[in-house]
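Undergrad: For reference, the structure I am asking about is given below.
The values are calculated or read from the model by the stated rules, or taken from the named source; none is laboratory data. As the structure is a prediction and not an experimental result, all values here were calculated from the model. Heads up, the Cβs are rebuilt from the backbone with ideal geometry, glycines too, and the neighbour counts pull from every protein chain shown. Accessible surface areas use protein heavy atoms only, side chains included; no ligands, DNA or RNA. Shrake-Rupley method; radii C 1.70, N 1.55, O 1.52, S 1.80 Å.
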Amino acid sequence: MFRLVFADLRAGWRLWAGAFLICLGAAAVFTLLAVFAGTVVHARDWLDRLPHGPSYAQLSEAAAMLSLFTVAPTVIVLAVVLGLLGQQTARQHATWRLSGALPGQVRHVIVAQAGITALVGAAAGLALALPFRQRAVNLLAEIPEPDRLEAWASPLWLGGVAVVMVVVGVAGASLPAFRASRRPAALVLAEPKPRRAMGPFRWVLLGLFGFVAVFGMSPPPGGLEEIRQADRSAKGSADAVADWVTACSNTGLAVAVLLAIAAPVVAPLVLRAWTALLPADRAPLWQLARHSAAAKLVVSTAAVTPLMVAVDLFGVYFGTSRTLSAVLFQGDQGASRDQLGHDLIALTPAVALAVIGSVAVLAMISRRRDRELAVLRAQTATSRDMSVMMLFEALIYAVTAALMAAIPLCVVAVLNALGIAAAGMPLSYLHLALVFPGVAFGAGLVLMTAVVLAAGAPAIRRPVAETLEMIPE
């Protein structure tokens, strides 16, 4: 069985390379986060005696907030990539079943491959991140000179990162492994394309997290009334609104996670709805791109979800922080600007990992574009036509992600506006902070376009006769 595990990893290296890259990035992010959290806990007594600079309570709160805005998006990206692997290899696993492999053997091979990939990625991520541990602690702690908070990298904490990565990898592969071992092989091979339906597991997960979001991550029901009854002094109202805005940021993050869980249902609806606004007779190449994206919803959903998370991560965090600064300092954004660079550097790794996740999804299935483009080439489509169609397809993915990301951002903006209005403060204190989400969207669009064009370049340059030979009979 072990020979089959490693032989299949070598044969399908394009698929597994994307998963390895995401595991590496996730492990690096988790390592720096674990080092910072462990250092704060280890240096508690020293921080309490520090005459100036942040206290232990402030740093522990910062570590908790950073974990909230980093761990959940990173796990989502990992789950999306591993889930796509299970979908893309379903037919291969069905072939194994028909060749005589037992259901348990197929299940163990899939889980072992995911565990090995996660473990190797965790080791590479640890090796990549550890040399930067002191810089990360200095950046996140901001202890004034000449004092310095020494980075504390406990083997136990670092081992915990590797364990978490393996657990996430195995958990992400368990459901595809269960399906591969239980579904009839002939039925899988008869399907023209992999399914991407909301199975029972996703519905249960959606319900459980929805319950947690409603009762644990949403503003209290009487929050607005508390704001109205708060001390009408500037500080009293500001503190009440600040608590409300902080709760609203958690709500925005929860809505983004709920959308990511429900993406197999939401993403196709959004994609088909907005792309249908352009009539078919006005833009035939646009319609080709639309049908191409809609025909492979497995890829479309997996490509859209990480980019949506990246945009929401920047939008929710910076919109909340700038609104808080305006409320607490009566419209003055000086404190927010001072903190901007620190927050940007702290959140950028998680956002970059989410953007790379969307790009990795498209790169993982790049070899499957040849036959699709071969059919177009055989029907007299020019190289320019196919290039424009692929540009439209990348745009469809990116805009669909942006439209889904707008839902949590609008929820946070409306809730923040209600809190500000209840305190009698001017609505100019409300900030959406769209610059950094726009940067994440632009980066995703550019990289997606580059990957989609690179995947189609061989088929575009290939002679027509060779292209015709690739079309299955």
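Undergrad: What do you get for trypsin sites (Lys or Arg not before Pro) in the range 238-318 restricted to DSSP loop and a cutoff of at most 13 other Cβ within 10 Å of the site's Cβ?
TA: Details: sites: Arg272, Arg282, Arg290, Lys296; in loops: Arg282, Lys296.
Those that pass, being in a loop and sparsely packed, are Arg282.
Undergrad: Rank these residues by their accessible area, most exposed first, probe 1.4 Å: Asp147, Asp343, Asp48.
TA: Working: Asp147 45, Asp343 15, Asp48 95 Å².
Largest accessible area first, the list is Asp48, Asp147, Asp343.
Undergrad: Sticking with this one: With each pseudo-label sitting 7 Å past Cα toward Cβ, what's the Ala295-Phe215 distance in nm, one decimal?
TA: 4.7 nm
Undergrad: Here's another thing I want to ask about it. Place the peptides 408-414, 381-387 in order of packing, highest mean first, counting for every residue the other Cβ atoms within 10 Å and averaging per peptide. Mind showing how you got there, number by number?
TA: Values: 408-414: 19.6, 381-387: 14.9.
In descending order of packing, they fall as 408-414, 381-387.
Undergrad: Can you give me the relative contact order of the range 373-450 as a percent, contacts being Cα pairs under 8 Å and 6 or more apart?
TA: Values: 26 pairs, mean separation 30.0, N = 78.
Taking the mean separation of contacting Cα pairs over the length of the range 373-450, I get 39 percent.
Undergrad: Beta carbons within 10 angstrom, averaged per residue: use that to sort the peptides 214-220, 63-69, highest first. Could the numbers behind the result be given before it?
TA: On the way: 214-220: 13.6, 63-69: 17.3.
Highest-to-lowest ranking by the protection proxy: 63-69, 214-220.
Undergrad: Using a 1.4 angstrom probe with every protein chain in place, what is the largest-first accessible-area order of His108, His431? The partial results should precede the final answer.
TA: Details: His108 100, His431 45 Å².
Per-residue accessible area, sorted high to low, gives His108, His431.
Undergrad: Considering only protein heavy atoms, with the full assembly of protein chains and a 1.4 angstrom probe, order Arg202, Arg49 by accessible area, largest first. List each step's numbers first, then the result.
TA: Details: Arg202 60, Arg49 170 Å².
So the residues, ranked largest to smallest area, are Arg49, Arg202.
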